[in-house]
Structure formats: structure tokens, C-alpha cells
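*Asks:* One structure is given below, represented as C-alpha cells, and several questions about it will come after.
The values are calculated or read from the model by the stated rules, or taken from the named source; none is laboratory data. Keep in mind the model is a prediction, meaning the values are calculated, not measured. Don't worry about glycine lacking a Cβ; one is built from the backbone with ideal geometry, like all the others, and counts go over all protein chains shown. In case anyone asks, the SASA skips ligands and DNA or RNA and just uses the protein heavy atoms, side chains included. Shrake-Rupley method; radii C 1.70, N 1.55, O 1.52, S 1.80 Å.
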There are 2 protein chains.
Amino acid sequence: MKNIENEIDGKELKSKTEWFVTHCRRAGLKVTPQRIAVYQELLKTNEHPSAEILYQKVKQIFPSISLDTVNRTLVTLSEIGAAFVVEGSGDAKRYDAGSDKHQHFKCIKCRRIIDFHHKPFDDIKIPAYINDKFKVLRKTVYIEGICDLCDK
Amino acid sequence: MKNIENEIDGKELKSKTEWFVTHCRRAGLKVTPQRIAVYQELLKTNEHPSAEILYQKVKQIFPSISLDTVNRTLVTLSEIGAAFVVEGSGDAKRYDAGSDKHQHFKCIKCRRIIDFHHKPFDDIKIPAYINDKFKVLRKTVYIEGICDLCDK
DNA sequence: TTGGCAAATAGGAGCAGCTACTATATAGTA
DNA sequence: TACTATATAGTAGCTGCTCCTATTTGCCAA
């Protein structure tokens, strides 16, 4: 298996940035150069960077930016759906005995995790090249969005 | 949508505990009352508890247990597949612009996140009761297991 | 059953990463 | 251009996990 390609060309970077700017305005957020820089660095990489890594990159453009700003920006971006926290990273670990079949919906605003069970999701077929290379212990469908309580 | 039911009866608790005990022995792990208590508390709940929450519960049985033991136990359980981390990692958050279609495989040992792209996973149908109640922004298939480098 | 030892535990210290706070600066608007 | 609400930089503090050490305990062998 090879890594998927995610190199972004100038044209796509520009169009996504334009989408981002209008999306910010619509959400009542100010469009600051720091926000754009963080967003663009995130677009340019394929490696699920941490706030720290992004901070290092953005710092080359804005030497005075603080790590806190990067963190706050990332939280803001994930609240408007312009960025996502890769599942299973950050915050306190949450455990599960893993016995019962169920899937998770996670609200990106309140971070609530809501269980649901949709039978077809239990029988998802894993591609052979994954099974050949890795020992699969768990597979699940993971849905993110905004829950009923937050969407008002 | 109602929460799925996960209340466990005494008989099931007992049989799962027996499985756990033999599973520990096979893995060369000592069967300590603390381990059993943590595992059973995890079986009894439906709420994806954090280490802290489990610690509070187990403490009612073993007042002298330490949070560190609960944490270590959970790591151990997840290494033998008796528990799973459903959310969070305790490490730094990892971000993704969420634009390109891809799925993640996460190694539970080295925590590496490996991207892959399996076209059928892009077209997963979300059940209507999810779409009706929540605003879905992202859906993905998430696979966990042991990667080629760690499985030696 | 008992003794010995490797493994596990309790408790505390330490560390990483996120979050809250305050003064200053800046984007958006009239 | 001036005003105001929002964002930023810098720092301090908090949370949650991990490391360390001394002590205890499960498990095997005699």
C-alpha cells in the first residue's frame, strides 16, 4: 500500500482558501492572516499534524505567532467544519470493552459521543490489502457533525 | 434515536470475566483483583468512561487503588484486545483539513495513523435517523489493529 | 503448602499539551 | 478615518498521562 497523494496545487489552494474566507464571514468570524495561514498549512499537508507541528510551520510566515493562537484557531476551524480532529486523538482517552457492536456519532461542538447501531455497518468489508498487511482488531464507522442540541 | 442497551447481566459478566482470566494467562499476565475490577467496571458501563471515571468506580471496591494503576491496566487491556480506546489518545490532537476522501488505520501499539483509500467506503449510506437528527459533516471508516512493523 | 521471584501496585513527582487570563492589536463597519 | 468587537501574544495554570521507587502479590516449582 502506498500513501495516498494529497499534494495540493496552487489553483486548489486558492479556491479552498476562498471557500474558507466566505465560510468564516458567514460564521461571523474575522478573517485574519493567522487563520488563513493555519488553514493553508493544514491543506498543504497529508500528515495529520499536531498543533505544535503546524505552529512550527506557520511560524516561518508569522514569526511572532503563539502556539496558543494556533490551538485556538484549530478549535475554531473544527467548530465551523473547516478542519477535523482525526478520530482517536487528543483529550482524555475513552474506553470501551469493545464487545457490543455499535457506532459513534461525535458532535464537533460539544464533543458528546452518541452511540447508535446500524446493522449494515457491522458487516463492512475490509479491503484485502489491509487485512494482508495489518492485524485488524476493530473496525467502525465514525460520523462527525453537529448534534441536535448544538444546532440551534 | 434511543441509546442502545448495554446492561449486562450477572451470567454474562461471569462468562466474560472467565474469558478475560484465561486470556490474561495466555498472554502471560497476572490476574490481579485490580485488573478484574477495572475490566468488570468497563463491561458494566455503556458510557465510554475515561480512566478518571473508572478510577472513581473501582475505588469504591479498592479504596487504595491508584489512578496510575487504572491507567496502566487500561493500556494493558487494550494491548491484549480486552478493551479499546474509542476516542482520544492523551497525546496531542492531530488535525486534518477533511477535504480529501480517505480512511485511517491506527496501530494500537505505535499509534501510527496510516491513510488508505478504499472507494466503497466513500459511499457509505448514513441511516436516515442520523441525518434527520444531526447535521453530518464527515463520515469515515476507522480501522484499528496492529501494523506490520509492530507485529513481529 | 511453602518459598522465591518476576510482575504488579501505590504513591508521588514530572511532563506535555491544552486552556484560561490580560493587555494589546487589528479586522470590519459606519 | 475612527470606533468597537473580536483576535492575538505572552504567560500562567490545569489536566491527564507517564515515569520512578519501594513495597506487595500472583504464580510457579519444590
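*Asks:* Got a sec? Which of B:22, B:17, B:76 is under 28 Å from residue A:103 (Cβ atoms), more than 9 Å from chain A (Cβ to nearest Cβ), within 12 Å of DNA strand D (Cβ to nearest atom) and among the β-branched types (Val, Ile, Thr)?
*Replies:* B:76
*Asks:* Can you report the number of residues in segment A:106-150 which are among the acidic types (Asp, Glu) and either under 19 Å from the mean Cα position of the chain (by Cα) or buried (at least 18 other Cβ atoms within 10 Å of the Cβ) (or both)?
*Replies:* 2
*Asks:* Also, I was wondering about something else. Scan segment A:25-42 for residues that are of a type in the set (A, V, I, L, M) and either touching a Lys or Arg at 6+ places or on another chain (Cβ under 6 Å) or within 11 Å of chain B (Cβ to nearest Cβ) (or both) and jot them down.
*Replies:* A:38, A:42 - these are the residues of segment A:25-42 that are of a type in the set (A, V, I, L, M) and either touching a Lys or Arg at 6+ places or on another chain (Cβ under 6 Å) or within 11 Å of chain B (Cβ to nearest Cβ) (or both).
*Asks:* Give the residue, chosen from A:30, A:44, A:57, that is near DNA strand C (Cβ under 9 Å from one of its atoms) and open to solvent by 20 Å² or more (accessible area, probe 1.4 Å).
*Replies:* Checking each option against the conditions leaves just A:30.
*Asks:* Limited to segment A:90-105, what total is found for residues that are small (Gly, Ala, Ser) and open to solvent by less than 30 Å² (accessible area, probe 1.4 Å)?
*Replies:* Total satisfying the criteria: 2.
*Asks:* Please specify each residue of segment B:79-120 satisfying the condition of being more than 8 Å from chain A (Cβ to nearest Cβ), without any contact (Cβ under 8 Å) to a residue 24 or more places away in the chain and under 20 Å from residue B:139 (Cα atoms).
*Replies:* Selection gives B:101, B:119.
*Asks:* Give the number of residues within segment A:124-152 that are more than 7 Å from chain B (Cβ to nearest Cβ) and under 21 Å from residue B:106 (Cβ atoms).
*Replies:* Qualifying residue count, segment A:124-152: 5.
*Asks:* Does residue A:38 qualify as being of a type in the set (A, V, I, L, M, F, W, C), buried (at least 20 other Cβ atoms within 10 Å of the Cβ), modelled with pLDDT of 95 or more and within 18 Å of the chain's Cα centre (by Cα)?
*Replies:* yes
*Asks:* Based on this model, can you work out whether residue A:21 counts as in a helix (DSSP H, G or I), of a type outside the set (Phe, Trp, Tyr) and out of contact with any strand residue (DSSP E or B) (no Cβ under 8 Å at 6 or more places or on another chain)?
*Replies:* It is true that residue A:21 is in a helix (DSSP H, G or I), of a type outside the set (Phe, Trp, Tyr) and out of contact with any strand residue (DSSP E or B) (no Cβ under 8 Å at 6 or more places or on another chain).
*Asks:* I've got another one for you. If you take the residues of segment B:66-82 that are more than 7 Å from DNA strand C (Cβ to nearest atom) and open to solvent by 30 Å² or more (accessible area, probe 1.4 Å), which of them is farthest from residue B:145 (Cα to Cα)?
*Replies:* If we take residues in segment B:66-82 being more than 7 Å from DNA strand C (Cβ to nearest atom) and open to solvent by 30 Å² or more (accessible area, probe 1.4 Å), then B:67 is farthest from residue B:145 (Cα to Cα).
Each row is one residue, and each column tells you yes or no for (1) modelled with pLDDT under 90; (2) closer than 28 Å to residue A:28 by Cα.
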| position | (1), (2) |
| --- | --- |
| A:55 | no, yes |
| A:69 | no, yes |
| A:87 | yes, yes |
| A:112 | yes, yes |
| A:130 | no, no |
| A:143 | no, yes |
